[in-house]
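These notes concern the structure reproduced below.
The values are calculated or read from the model by the stated rules, or taken from the named source; none is laboratory data. As the structure is a prediction and not an experimental result, all values here were calculated from the model. Note: ideal-geometry Cβ built from the backbone for every residue, glycine included; neighbour counts use all protein chains shown. Surface accessibility is based on the protein's heavy atoms, side chains included, excluding ligands, DNA and RNA. Shrake-Rupley method; radii C 1.70, N 1.55, O 1.52, S 1.80 Å.
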Amino acid sequence: MILGIDASNLRRGGGITHLREVLRAADPRDHGFTQVFVWSGRATLDELPPSNEWLRLEHHRLLDGGLVQRMWWQNVTLAREARSKRCDLLFVPGGSYAGTFRPFVTMSRNMLPFEPRERARYGVSTMRAKLTILERVQSATMRRADGVIFLNDYAKQRVMSRAGSLRGRLTIIPHGVDAQFTLEPRPQRTIASYDREHPFRLLYVSIIDVYKHQPEVAQAVARLRARGLPIEIEFRGPAYEPAAKTLNELVARIDPKREFIHIADAAKYRDLPSVYGRADAFVFASSCENMPNILLEAMAAGLPIASSRRGPMPEILGDAGVYFDPENVDEIEAALMSLVNDHQARAKWAATAFARASRYSWSRCADETFRFLAEVADGMGVRRRPFDSQDHIP
């Protein structure tokens, strides 16, 4: 069989990471795919493994253009391209597809379009309108698809409650966590062993956005600092401008000298393990996630974690951390207080989280992904062809 992958709308972040790691970890030939073609823009293709015996990266100039050009290519040109390559199945991990090629499999990756309460945080804005449109487009894609991959049970149930009945095969395949993040939990010290010159370092890696609740976390940290606890927090990540403005204005009031609240730009992916390695504990206050890869990274990095109890976070973290309502500063303060003051609980949570993170590997994700794609193809009556010389990619 020959598989086509439409990566035309994977532009940054988790979508590219997922596709890159799946292609690195997989051997699709184990599941009957003799060739895999991937279409995308130049920047995305540069992030993927190079073409090899079974993988071919395909570039088209329209895929380096704007949204209208990419949509035209995806919904008009892609079907012709896939047929010319004799593709038996199309995989659309970006979640949106209105073209004519069949059969195809898609993924549910973004929860924001399917959470009206979270969309409302953006007020009257282009972002809110975009998310509303995405819900309709992605729901229609999933209803047409011959297979849909969800990342966890929470996402599956939530999306299906909004998208309606889905006709295709369904499965749950979590993402993996890169081995570079693996760091054995460190010995936990009592809070008395820290001071203002050597504070207890909290870390929150994520985009600064309205559903990530960095201002509430900052207020909770400021309260603990006022109680005399020697702690500080670093917010690390890119920013949605309105949310960044709100956070910076708050910090200007509660920590004008930036003594204990630090805001830094996103680190390069290869540098993230060292960022986790310098922290004493991790905070994750998001109220809307599909697959919280950052939470997984912190778990693999051996950090004790205080987490939002919303969305899939309890499904991922289990009993390996302390939870809070991300919109309630009192609850965040209490959770951080228990995390900071109880070094024995910290050690237990860190060890349990580290063990849970080992369940999430890219090799498992890759194997389950290609197995599911093969099952969908088989179910649609696609005939498996033995590998021959004409299947070889020069």
Counting only residues that are crowded, with 20+ Cβ neighbours inside 10 Å, among the aromatic types (Phe, Trp, Tyr) and more than 18 Å from Ile233 (Cα to Cα), the range 171-220 contains a total of 1
Scanning the range 346-361 residue by residue, those modelled with pLDDT of 95 or more and either open to solvent by less than 20 Å² (accessible area, probe 1.4 Å) or among the charged types (D, E, K, R) (or both) turn out to be Arg346, Lys348, Ala350, Ala353, Arg356, Ala357
Restricting attention to the range 114-134, does a residue exist that is under 16 Å from the mean Cα position of the chain (by Cα) and buried (at least 18 other Cβ atoms within 10 Å of the Cβ)? yes
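Looking only at strands (runs of 3 or more DSSP E) that lie completely in the range 269-388, which have at least 3 residues being small (Gly, Ala, Ser)?
Hits in the range 269-388: 305-308.
Mind listing whichever residues of the range 221-247 are open to solvent by 60 Å² or more (accessible area, probe 1.4 Å), in contact (Cβ under 8 Å) with a residue 12 or more places away in the chain and either farther than 17 Å from Glu333 by Cα or assigned to a loop (DSSP other than H, G, I, E, B) (or both)? Break it down into steps so the answer makes sense when it comes.
Kept after step one, since they are open to solvent by 60 Å² or more (accessible area, probe 1.4 Å), are these residues of the range 221-247: 223, 226-227, 238, 241-242, 245-246.
Next cut, in contact (Cβ under 8 Å) with a residue 12 or more places away in the chain only: 223, 238, 242, 246.
Selection gives Pro238, Pro242, Thr246.
Here is a yes/no grid of residues against (1) more than 18 Å from His175 (Cβ to Cβ); (2) among the aliphatic types (A, V, I, L, M):
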site: Met291; (1), (2): no, yes
site: Ile294; (1), (2): no, yes
site: Met299; (1), (2): no, yes
site: Ser308; (1), (2): yes, no
site: Gly311; (1), (2): no, no
site: Ile316; (1), (2): no, yes
site: Asp319; (1), (2): yes, no
site: Val322; (1), (2): yes, yes
site: Asn328; (1), (2): yes, no
So Leu131 passes all but one of these: (1) modelled with pLDDT of 95 or more; (2) of a type outside the set (Asp, Glu); (3) outside any helix (DSSP H, G or I); (4) in contact with a Pro (Cβ under 7 Å, 6 or more places away or on another chain). Which condition number does it fail? (3)
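Determine, yes or no, whether Asp319 is more than 21 Å from Arg227 (Cα to Cα) and of a type in the set (Asp, Glu).
Values: more than 21 Å from Arg227 (Cα to Cα): yes; of a type in the set (Asp, Glu): yes.
Yes; evaluated as a whole, the condition is true for this residue.
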